[in-house]
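Notes follow once the structure below has been shown.
The values are calculated or read from the model by the stated rules, or taken from the named source; none is laboratory data. Not measured: the values here are computed from a predicted model. Ideal geometry is used to build each Cβ from the backbone, glycine not excepted, and the neighbour counts take in all protein chains shown.
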Amino acid sequence: MGITGVQGLLTIEEAGEVYQGASALSMDAKGRMSIPARHRDALALQSEGRVTLTKHPHGCLLLFPRPVWEIHREQIAAWPMSARAWQRIFLGNASDVEMDSAGRILISPELRAAAGMTREVMLLGMGSHFEVWDAAKLEESESQAIAAGMPDVLNDFSF
């Protein structure tokens, strides 16, 4: 049964955690990034601190709690051969990591290079997962998006 009993809505249990908000973080010299406390506890409960990182074509990394990633991984693996290049991007670059006792995750040198990450990063809660951006790259991306204006698909959206 859904939250309101309406067909198609998920229960809180089915939806899992909802991650939102931006956190400015610093990676250490080894490429470790601390997960903010407000997300650390939820990730510990949802996935026992096990997460998966992968490359995104927009120039950031995607960070999924492992159970959420496993659903996406199955869907991506089932894509047709015509999508093989996209399977390589998402599955071929996926890296399973675990939070350490200090609540940090290690981002591999390959993924850091792919996303152009320097010391200063931004962690963005995007609902069921996170995006991890180099801070300067995110600022540039957001500036470009604002300059381009709202896409037509959002014409009817308002707060």
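Among the residues in segment 144-157, are any under 13 Å from G59 (Cα atoms) and either under 15 Å from the mean Cα position of the chain (by Cα) or among the charged types (D, E, K, R) (or both)?
no
Residues in segment 62-119 that are β-branched (V, I, T) and in a loop (DSSP other than H, G, I, E, B) were compared, and the one that is farthest from S26 (Cα to Cα) is I107. Of the set (1) under 19 Å from R112 (Cβ atoms); (2) at pLDDT below 95, all apply to R32 but (2).
Is it the case that segment 81-88 has a residue that's under 21 Å from G21 (Cα atoms) and either touching a residue at least 60 places away in the same chain (Cβ under 8 Å) or among the aliphatic types (A, V, I, L, M) (or both)?
Our first condition is that a residue be under 21 Å from G21 (Cα atoms); within segment 81-88, this holds for none.
No: segment 81-88 contains no residue that is under 21 Å from G21 (Cα atoms) and either touching a residue at least 60 places away in the same chain (Cβ under 8 Å) or among the aliphatic types (A, V, I, L, M) (or both).
Would you call L61 of a type outside the set (D, E, K, R) and touching a Lys or Arg at 6+ places or on another chain (Cβ under 7 Å)? In short, yes. Every test in (1) buried (at least 19 other Cβ atoms within 10 Å of the Cβ); (2) over 15 Å from I35 (Cβ atoms) is passed by M99 save one, and that test is (2). Just so you know, in segment 6-28 the residues that are assigned to a loop (DSSP other than H, G, I, E, B) and modelled with pLDDT of 95 or more include one that is farthest from the chain's Cα centre (by Cα), and it is D28. Whether any residue in segment 57-74 is closer than 19 Å to A136 by Cα, in contact with a strand residue (DSSP E or B) (Cβ under 9 Å, 6 or more places away or on another chain) and of a type in the set (G, A, S) is what I want to check. Within segment 57-74, one or more residues are closer than 19 Å to A136 by Cα, in contact with a strand residue (DSSP E or B) (Cβ under 9 Å, 6 or more places away or on another chain) and of a type in the set (G, A, S).
Residue pairs whose Cβ atoms lie under 9 Å apart, sitting 6 or more positions apart in sequence or on different chains, and linking a residue in segment 141-159 that is at negative phi and in a helix (DSSP H, G or I) to a partner that is of a type in the set (G, A, S) and surrounded by 10 or more Cβ atoms within 10 Å (Cβ to Cβ), are S141/G59. With respect to the conditions (1) assigned to a helix (DSSP H, G or I); (2) within 15 Å of A115 (Cα to Cα), T54 falls short on a single one, namely (1).
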